[in-house]
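Input: a single structure, listed below in structure tokens.
The values are calculated or read from the model by the stated rules, or taken from the named source; none is laboratory data. For clarity, every value in this text was computed on a predicted model and none was experimentally measured. Please note: Cβ atoms are built from the backbone with ideal geometry, for glycine as well, and neighbour counts cover all protein chains shown.
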Amino acid sequence: MGTPGESAHRGARPAWRRDHDERGTRRHVPRGPAGTRRTGHPVNGRCGRGCRVAAALLTAVACQAGPARAAPHLPGAAGRPSGVVTWAASAERLGPGAADREYRMIVHTSVGGTALRVRFTNAFGDRPLTLDHVHAGPRLRGAALRPGGNRPVTFGGARRITLPAGATAWSDPLPGRLPAGADLAVSLHTPHAAGPASGHRMALRTSYTGQGAHTAEPGAAHWTGTTGSWWYLDAVSVRPDRPATGAVAVLGDSLTDGERSTPDTDRRWPDHLARRLRAARAAVEGVADEGISGDKVLADDAGPSALHRLDRDVLSLPGVRTVFLFEGVNDLKARPGATAADLIAGYRRIVRRAHAAHLCVVAATIGPFKGWPEWNPGVEAARREVNRFVRTGGAFDAVTDFDRVLRDPRDPERLRPDLDGGDHLHPGDRGMRALADGVGLDRLECARRAVRPARAGAHPDVRAQSSGSRPAGPGTGWSAG
């Protein structure tokens, strides 16, 4: 959500990059050579004549650091691999990238499996981004990895990839198996990075930084810096042990992003939900936490709105069967704020697009927040009107009543004191657990999942340049277990 007063509703439709207007009409984008789409930025990574074109499939995403420049958007589904998403975090604009910087980022899996693939992002970049010396493996502790587990990550067999501005790329699959509930370390080096970086700001997870290229080393000696953000990656997928396993993508704001939960403990409510699904051996087991602090459904503010990032953060992810929509409080409490009718119309647009992709949509009611500086009786009336629509409007495949979970029975406009994280808007650790426990696991599936055809209007893939030597061989399988 961010700090009080930081949000301001913008009535005019900003010039963010996207391929759909509010009616879903596709805008024309000129084509470049060989059927690729022009992005306004040449791919000029250091790739020799003999470099292989990456088999990692690229898609430009509907994001830009601000409304100053429009650019084409390629639907993320074009590059979606088989399997199921096991971790994800919505990309945002971070600070400037740094040349010759290395990152070792720690993420936590929700579903286990083989053929692990990682998606890297230059969504908010204004120039091509080259990544090299990329590795991934199960973490031991801190910045140290399990011996023998750190594997080189390749792109069409090459050790280097250049992502055009506004693009994402999936890696080749890695051999071996990674279990559910494991810490995975993804290490990468940015030889020439500059300009805006892409990643997720509020990771609530300590990751590590260094200088040079020590990503192949399993030890922690060279990883002397720390960062609280995830840089240049936004999703991980696996081929699950049970082929029928699917995933839920949670589209939300700071309550989903984990604000007020304890860092380095995986106590966001989607983390608790993932543990419940795993214990139940549910058909939907993967969880993608697509919460952005300060995000809105309608207006671009802290980042692209839910409407603008739906393709990238949900529809492009492998194995997703259900969208869990828990967002809207920032729209209502902004000054001036959206009306209840505005927000309901935004919900309906999300439902139409998700249903067109044969996804289920589960919606949650908006929790109380009396005591937060932007609360007032008018905003409270709008919240109740929106919640009445969520409960009784019949627009969703299922409903979870988070308002009922969180509200104080003695004052329903306030959070329960024992669930309040201290600012009267965000739940603390106990509140996060209560949210996850309030989700009916059987409601995360519906009949729409039976058919998931290719999305209408999908465009050919844009491919990145890659260079470097081919790996010596497939290597042996690895496991974090």
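Check R404, R391 and return the single one that is within 21 Å of P427 (Cα to Cα), in contact with a Ser or Thr (Cβ under 8 Å, 6 or more places away or on another chain) and basic (K, R).
Testing whether each residue is within 21 Å of P427 (Cα to Cα), in contact with a Ser or Thr (Cβ under 8 Å, 6 or more places away or on another chain) and basic (K, R) leaves just R404.
Please list, ordered by first then second residue, the pairs with beta carbon atoms under 6 Å, 6 or more apart or interchain, first in the stretch 252-270 and within 15 Å of G328 (Cβ to Cβ) and in contact (Cβ under 8 Å) with a residue 12 or more places away in the chain, second surrounded by fewer than 19 Cβ atoms within 10 Å (Cβ to Cβ) and among the polar types (S, T, N, Q).
Nothing qualifies.
Quick check, is V236 in contact with a Phe, Trp or Tyr (Cβ under 9 Å, 6 or more places away or on another chain), touching a residue at least 24 places away in the same chain (Cβ under 8 Å) and farther than 18 Å from M105 by Cα?
Criteria not met by V236.
Listed residues E374, E385; which is in contact with a Pro (Cβ under 7 Å, 6 or more places away or on another chain) and under 16 Å from G328 (Cβ atoms)?
Checking each option against the conditions leaves just E374.
Residue pairs, Cβ under 9 Å, 6 or more apart or interchain, first in the stretch 109-136 and farther than 23 Å from H214 by Cβ, second among the polar types (S, T, N, Q) and modelled with pLDDT under 95. List them.
A115/S82; A123/Q64; F124/Q64; D126/Q64; R127/N44; P128/N44; P128/Q465
Which count do you get for residues in the stretch 138-166 that are touching a Lys or Arg at 6+ places or on another chain (Cβ under 8 Å) and on the phi > 0 side of the Ramachandran plot?
3
Among the residues that make up the stretch 254-262, is at least one of them surrounded by fewer than 21 Cβ atoms within 10 Å (Cβ to Cβ), on the phi < 0 side of the Ramachandran plot and either not in a strand (DSSP E or B) or not polar (S, T, N, Q) (or both)?
Checked the stretch 254-262: at least one residue is surrounded by fewer than 21 Cβ atoms within 10 Å (Cβ to Cβ), on the phi < 0 side of the Ramachandran plot and either not in a strand (DSSP E or B) or not polar (S, T, N, Q) (or both).
How about the stretch 317-342: which of its residues are buried (at least 23 other Cβ atoms within 10 Å of the Cβ), out of contact with any strand residue (DSSP E or B) (no Cβ under 8 Å at 6 or more places or on another chain) and in a helix (DSSP H, G or I)?
Hits for the stretch 317-342 are V329, N330, D331, L332.
Of all residues in the stretch 101-153, count the ones that are over 22 Å from the mean Cα position of the chain (by Cα) and either polar (S, T, N, Q) or in a strand (DSSP E or B) (or both).
Of the residues in that region, 10 qualify.
Within the bounds of the stretch 265-273, is there any residue that is surrounded by 24 or more Cβ atoms within 10 Å (Cβ to Cβ), modelled with pLDDT of 95 or more and within 21 Å of R177 (Cβ to Cβ)?
no
Each row is one residue, and each column tells you yes or no for (1) aromatic (F, W, Y); (2) under 17 Å from A249 (Cα atoms); (3) modelled with pLDDT under 95; (4) not assigned by TED's automatic domain parsing to the domain that holds A249.
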{"position": "L406", "(1), (2), (3), (4)": "no, no, no, no"}
{"position": "D411", "(1), (2), (3), (4)": "no, no, no, no"}
{"position": "L419", "(1), (2), (3), (4)": "no, no, no, no"}
{"position": "P427", "(1), (2), (3), (4)": "no, no, no, no"}
{"position": "G431", "(1), (2), (3), (4)": "no, no, no, no"}
{"position": "V451", "(1), (2), (3), (4)": "no, no, yes, no"}
{"position": "R463", "(1), (2), (3), (4)": "no, no, yes, yes"}
{"position": "G473", "(1), (2), (3), (4)": "no, no, yes, yes"}
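Please verify whether A249 is surrounded by fewer than 24 Cβ atoms within 10 Å (Cβ to Cβ), touching a residue at least 24 places away in the same chain (Cβ under 8 Å) and not in a helix (DSSP H, G or I), treating the condition exactly as stated.
Taking the combined requirement at face value, the residue does not satisfy it.
Just name the residue that is farthest from L415 (Cα to Cα) out of those in the stretch 349-374 that are small (G, A, S) and in a helix (DSSP H, G or I).
Here the answer is A356.
With respect to P175, determine if the residue is in a strand (DSSP E or B) and over 22 Å from the mean Cα position of the chain (by Cα).
In short, yes.
Quick one: which of R242, R267 is of a type in the set (D, E, K, R), part of a loop (DSSP other than H, G, I, E, B) and within 16 Å of R205 (Cβ to Cβ)?
Just one listed residue meets the conditions, R267.
Please enumerate the residues belonging to the stretch 375-405 that are in a helix (DSSP H, G or I) and surrounded by fewer than 18 Cβ atoms within 10 Å (Cβ to Cβ).
Within the stretch 375-405, P377, G378, E380, A381, R384, E385, R388, R391, T392, R404 meet the criteria.
Scan A279, A220 and give me the residue that is small (G, A, S), within 24 Å of G97 (Cβ to Cβ), out of contact with any Pro (no Cβ under 6 Å at 6 or more places or on another chain) and surrounded by fewer than 24 Cβ atoms within 10 Å (Cβ to Cβ).
A220
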